[in-house]
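These notes are about the structure you will find just below.
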Amino acid sequence: MANSVAEQAAGPGEVSSSKGGARLRLPVTRGWRLTDAPAAWLLITPVIVLFGISVVYPLFDTIRISFFDIKGLAPAKWVGLGNYVTLFGDATFRNTLLTTLIFTVGTTVISVSLGWALAMLCAFAPAQTTPFRGMMFVTFGISEAVSGYMWLNILRPDKAGLLNAVIGIFVPGYAHSWLGDPNTALWALIFVASWSGVGLPLMLCFAAVQSIPRTVLEAAYMDGAKPFSIMRHIMMPLSLPGVRVAVFINLLGALRAFDIIYVMTGGGPVRATETVGYFMYRESMTQFKLGYGAAATVVLLVAVLVISIPAIIQRTAGAK
C-alpha cells in the first residue's frame with residue numbers, strides 16, 4: 001500500500017521508490033512517440049538528399065547509360081544488353097577480369113596475413129610496440145597517389161632506383177625495369193598496394209587480441225603454456241573477427257583500386273596491370289565510349305555487391 005502511494009506521488013515520467021525510509025525518484029526512459037516524427041524527418045532529410053544526389057542518382061544513371069551506345073557528343077543509341085554482350089566477348093576485358101582477380105586476392109592475402117602476424121607479435125609487448133604500430137598505420141593513411149609517386153622512385157628502372165641500388169650491392173651493375181616489364185609490373189603493384197594496406201589489418205587484429213580477457217591468458221600461463229602455443233591456440237582463434245573485417249575492407253579497397261594504378265603504370269605495360277576500375281576509366285574518358293564504360297562500371301558494382309552483401313548479412317546476424 002505504501003509503495004502505491006509513493007508511486008502516485010511521483011511526477012510524470014518518474015517512478016518513486018522507497019528504500020530504508022528514503023524516497024528515490026527514478027527517471028523512466030520514454031519510448032518513441034508519433035509526435036517525434038517531424039523532428040526525426042527534419043534531422044535526417046539533409047542526409048537523404050545528399051545521399052540521393054551523390055550516390056543514388058549517379059548509380060541509376062550509370063545503369064541507364066550502360067544500355068546505350070554513346071560515343072563522344074553523338075546522339076545516344078539504344079542497344080539494350082549489347083554493351084554487356086560486347087564486353088564479355090572482348091578478350092581485353094576478360095584479361096582485365098583476370099588481372100583484377102589476381103590483384104585483389106594477392107593484395108588482400110599479403111596485407112591481411114602480414115598485418116595479422118605483426119599484430120600477434122605486438123600483442124606480447126603492447127606498450128613497447130606503440131611507435132611501431134603507429135608508423136605502420138600511417139601507411140594506411142597515406143593517399144594512394146602519394147604512395148604511388150614515392151614508390152616510383154624506389155622502383156626506377158635505372159641504377160638510381162633504390163631497389164636496384166640495393167640489389168646492385170650484391171649484383172654489381174644490376175638494373176631492372178620493375179614497372180616496365182609485363183612479367184613483374186603486376187607483382188610490383190601488388191607489393192606496393194599491400195604495403196599501403198597492411199596498417200589497417202594490424203590495428204584491427206591487435207584490437208581484437210586486446211579484447212581477449214586477461215584471465216584467459218593468465219590461466220594459460222599458469223598451466224605452463226608457451227608463448228607460441230598461446231598465440232596459436234588462444235590469440236589467433238579469438239582474433240578472427242578482426243581478420244574477417246580486415247579481409248572485407250581490403251577486398252573492397254582492392255576491387256576499386258584506381259589511383260595507384262593510374263600513377264604508377266597507367267594500366268601498362270601492354271595493359272598488364274589494367275583492372276576493371278582502370279578499364280572503365282580508359283573506355284569512358286579516353287576512348288569516349290560512355291555506354292561501354294558504364295557497362296564495365298556495372299560489372300564492377302555487381303562484384304562489389306557479391307562480396308559486400310554476404311558479409312553484411314553475417315555481421316547483422318551476429319549482432320542479433
Next item on the list: Quick one: accessible surface of W178, probe radius 1.4 Å, all protein chains present, in square angstrom to the nearest 10.
Entry: 50 Å²
Next item on the list: Go ahead and set up a Gaussian network model of the chain, Cα springs under 10 Å, then flag whichever of L97, L252, L121 fluctuates most.
Entry: L121
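Starting from segment 151-253, pick out the trypsin sites (Lys or Arg not before Pro) whose DSSP state is loop and whose Cβ has at most 16 other Cβ atoms within 10 Å.
Details: sites: K159, R214, R232, R244; in loops: K159.
Answer in residue order: K159.
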Next item on the list: Go through M136, M222, M203, M264 and list them by solvent-accessible area, largest first, probe radius 1.4 Å.
Entry: M222, M203, M136, M264
Check: Could you give the radius of gyration (one decimal) and Dmax (whole number) of the Cα atoms in the chain, in Å?
Finding: 28.0, 98
Next item on the list: Name the most mobile residue of T130, T92, T273, meaning the one with the largest mean-square fluctuation, in a Gaussian network model of the chain with Cα contacts below 10 Å.
Entry: T130
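Over the chain, what is the relative contact order in whole percent, taking alpha-carbon pairs under 8 Å and six or more residues apart?
Values: 365 pairs, mean separation 73.8, N = 320.
Answer for the chain is 23 percent.
How large a share of the accessible area of the chain, in percent, is made up of carbon and sulfur atoms when the probe is 1.4 Å and the other protein chains stay in place? Numbers along the way, then the final one.
Working: 13480 of 19130 Å².
Whole-percent figure for carbon plus sulfur exposure: 70.
What number comes out for accessible area per residue over the chain if the probe is 1.4 Å? Units Å², please.
Heavy-atom SASA per residue in the chain reads 60 Å².
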Checklist line | Inverse of mean 1/r across different Cα pairs in segment 122-173, Kirkwood, Å | finding: 13.4 Å
Check: Between I249, I53, I230, which gets the highest mean-square fluctuation from a Gaussian network model of the chain, Cα cutoff 10 Å?
Finding: I53
Checklist line | Per-residue SASA entry for D158, accessible area with 1.4 Å probe, Å² rounded to 10 | finding: 60 Å²
Checklist line | F60 versus A37: modelled label distance in nm, points set 7 Å from Cα along the beta carbon direction | finding: 2.3 nm
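The values are calculated or read from the model by the stated rules, or taken from the named source; none is laboratory data. Quantities reported herein were computed from a predicted structural model and do not represent experimental measurements. Note that we place each Cβ from the backbone using ideal geometry, even for glycine, and neighbour counts take in every protein chain shown. SASA here: full protein model, heavy atoms, side chains in, ligands and nucleic acids out. Shrake-Rupley method; radii C 1.70, N 1.55, O 1.52, S 1.80 Å.
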